[in-house]
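Take a look at the structure set out below.
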Amino acid sequence: MQQPKALIVGSGLGGLSTALRLAHLGYQVQVLEKHHQAGGRLNQLKKDGFTWDVGPSFFSMSYEFDELFDSVGMKNPIDFHELDPLYTVNFAGKRGQYRVYKSLDNLAREFASIEPDFLKKLDTYLAKAKDLFHTTEYPIVKNNFDNPFQFFLQFTKVPIKYVPMLYRSMWDELNRHFKSEEVKIIFSLVAFFLGATPFNTPAVYSLLNYTELKHNGYWNVKGGMYQIVDVMMAELKKRNVDFSFLTEVTEVRSKNGQVVGLRDQHGKIWKADVYVVNSDAAAFRGQVLGRPQFSESRLDQKKWTLAPFTIYLGVNGKIDNLHHHNYFLGEHFKEYADDIFSRQTSPDRPYYYVNVLSKMNDTCAPQGCENLFILCPVPDLRYKSNWDDANALADNILEDLGKRVGFDIGGNILSKTVWTPKDWESKFNLYKGSGLGLAHDLNQIGWFRPKNQDEVFDNLYYVGASTTPGTGLPMVVVSSKLVTERIIKNHQHARTLQPDLQAV
């Protein structure tokens, strides 16, 4: 039998993971990438002697990477580093700074003065989150659904006591367990990892507190997060996977319910037996396939995650009061969270996250220097389309950060790069600059999320954050497993190559 071919559009983590699985099955794999290098949002920027991770800086559920490499017959080659403390949270004013430890005893000492009986309350809260996580992990999260009845059938396996958590917010759930405003804010930060706020994130996502504090913790990679891409690219090249960069798909050609080719911006036609899109699953259907149900007006009505405003900074000197992972929060938390999604101007007192990779990897900055990655969640381009004030917002953040860490950042800048939501949209095809794609509202999860198999073309599939199961590095790896299972189930050439579903 002639070796079947798979064409993957996009080389984000979902595309790379799917390429690895399909190459292991025996496919000839070709990857097309719009950007000049692989990685998607999991990318790298080099400038002026500094190196930055462009997007994600840590992750949970590290075992999903173990599953990926085990499924293709190899040991996980990536050097992971477990974080403890996980991160530092800096409040404005007199609220102070708190270090969030995975060690619950250390965490209890950190919160002793603001939350009496903290460990007892935390045990109750995490026990519930643990049960919810393990109840939903396989029947709902790690599952393909062919119709809504399958989805609702799996939902019936979730204990009825958790149904109210679908309808109250994560903040409401935290209110049921803790008194301290600081503790509630700190535990609600995981909602921002989903690109949302705790006031509009369903309480079921409190299970993420279990994953960060007890289940698996947070991890990053020795040498920087882009090592994940470097390692996977090296392995894919060993397996004869071809890459074509600066190549953007602009048209899908079809015949008799099948895709027969993809046209790029230069007019070249790329052909394969199976096509997997690692671009946004909703936006691709609208912008490239022209589906009315995914038109711009329809997409704008969906709920999208916050957009990233990012600063990549090289600084002369060492900043002692900055740790590896840091959150800087202002006052009036709820008012800020309620306003941030739809405001049409930049925030006056922005909340932001700072990652300092040079604290753990001295090769990413010249000797005696620091590299800072600063992320400020802002509205997507539906609400704020004009970013002429980008430099003013960056200066505002840097001035605030300098005051709070006691370091003259502005006077020691050696390198500075600012990306607005417009840059994120243009570089990585993120719809309206939304950082993590579609949000995780109840009507945008499971069966209600854009499917990983196309509705019209039976050899066109999707992988990544905006299809099932959702956003975040481990979920994207799971997404690659789910789409590979679809391909094996639906195509004779895949079953012939690898009949054992457990192999993927």
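Is the C-alpha gyration tensor of the stretch 28-177 telling us rounded, prolate or oblate? Criteria: a/c under 1.5 is rounded; beyond that, a/b larger than b/c is prolate, otherwise oblate. Judged from the Cα gyration tensor, the stretch 28-177 comes out oblate (a/c at least 1.5, b/c at or above a/b).
Averaging the sequence gap over all C-alpha pairs within less than 8 Å and six or more residues apart, then dividing by the number of residues, gives the stretch 185-307 a relative contact order of 17 percent. Only Cα pairs under 8 Å and 6+ residues apart enter the sum, and on that basis the relative contact order of the chain stands at 23 percent. Highest-first packing order for the peptide set 416-422, 100-106 is 416-422, 100-106, based on the mean count of other beta carbon atoms within 10 Å. Computed packing ranks the peptides 173-179, 274-280 as 274-280, 173-179, most packed first, by mean other Cβ atoms within 10 Å. Summing +1 for each Lys or Arg and -1 for each Asp or Glu among the other residues whose beta-carbon sits under 10 angstrom from that of L22 gives +3.
Before anything else, pin down the relative contact order of the stretch 106-216: Cα pairs under 8 Å, at least 6 apart, normalised by residue count, whole percent.
On the way: 98 pairs, mean separation 36.8, N = 111.
Value for the stretch 106-216: 33 percent.
Computed about the Cα centre, the dipole magnitude for the stretch 56-125 is approximately 540 debye when only Lys and Arg (+1) and Asp and Glu (-1) carry charge, each at its Cβ. When the charge dipole of the chain is built from unit charges on Cβ atoms (+1 for Lys and Arg, -1 for Asp and Glu) and taken about the Cα centre, the candidate among Y336, S206, Q265 whose Cα reaches farthest toward its positive end is Q265.
Expressed in Å, the radius of gyration and Dmax of the Cα atoms of the chain are 22.4, 71. Centre-to-centre separation between the Cα atoms of the stretch 134-173 and those of the stretch 452-469: 21 Å. By the gyration tensor of its Cα atoms, with a ≥ b ≥ c the square roots of the eigenvalues, what is the shape of the stretch 106-216: rounded for a/c under 1.5, prolate for a/b over b/c, or oblate? Prolate shape, in that a/c is at least 1.5 and a/b is the bigger ratio.
Sorted by mean Cβ packing within 10 Å, highest first, what order do the peptides 6-12, 435-441 take? The partial results should precede the final answer.
Working: 6-12: 27.6, 435-441: 23.3.
Taking the mean over residues of other Cβ atoms within 10 Å, the ranking is 6-12, 435-441.
The Cβ shell under 11 Å around H440 holds other residues with a net charge of +1, Lys and Arg each +1, Asp and Glu each -1.
With both residues required to sit in the chain, DSSP beta bridges show an antiparallel share near 70%.
Across the stretch 458-475, rounded Karplus estimates of 3J(HN,Hα) from the backbone phi angles (6.51 cos²θ - 1.76 cosθ + 1.60, θ = phi - 60°) give 7, 10, 10, 10, 9, 9, x, 5, 8, 10, 6, x, x, 8, x, 4, x, 5 Hz, Gly and Pro being marked x.
Relative to the Cα centre, the charge distribution of the stretch 106-216, modelled as +1 at Lys and Arg Cβ and -1 at Asp and Glu Cβ, gives a dipole magnitude of about 260 debye. The stretch 60-86 and the stretch 320-391 have Cα centres spaced 28 Å apart. Candidate cross-link partners of K303 among the lysines, defined by an alpha-carbon separation under 20 Å and a same-chain spacing of 8 or more, comprise K334, K384, K422, K432, K451.
Compared with the dominant Cα axis of the chain, that is its longest principal axis, helix 181-193 is turned about 20°. Reported to the nearest whole Å, the Cα centre-to-centre distance from the stretch 2-47 to the stretch 266-307 is 17.
Quick one: dipole size for the chain, taken about the Cα centre, charges +1 on Lys/Arg Cβ and -1 on Asp/Glu Cβ, in debye to the nearest 20.
Magnitude of the dipole: close to 960 debye.
Here's the picture: charge each Lys and Arg Cβ at +1 and each Asp and Glu Cβ at -1 in the chain, and of L119, L153, Q227 the one pushed furthest to the positive end of that dipole is L153. Restricting the stretch 206-249 to chymotrypsin sites (Phe, Trp or Tyr not before Pro) that sit in a DSSP loop and have at most 14 other Cβ atoms within 10 Å of their own Cβ leaves F245.
Taking a sphere under 9 Å around the Cβ of K121 and counting the other residues whose Cβ falls inside, with K and R at +1 and D and E at -1, yields a net charge of -1. Quick check: from the Cα gyration tensor, does the stretch 270-408 come out rounded (a/c under 1.5), prolate or oblate? Verdict is oblate for the stretch 270-408.
Taking θ as phi - 60° and the Karplus parameters 6.51, -1.76 and 1.60, the scalar couplings of the stretch 479-492 work out to 4, 5, 5, 5, 6, 5, 4, 4, 4, 4, 5, 9, 10, 4 Hz in sequence order, x denoting glycine and proline.
Relative to the longest principal axis of the Cα atoms of the chain, helix 226-238 runs at roughly 20 degrees.
We did not get these values from a lab; they are worked out from the coordinates using the rules stated. Please read all numbers here as calculations on a predicted model, not as lab measurements. All Cβ positions, even for glycine, are placed from backbone atoms using ideal geometry, and neighbour counts span all protein chains on display.
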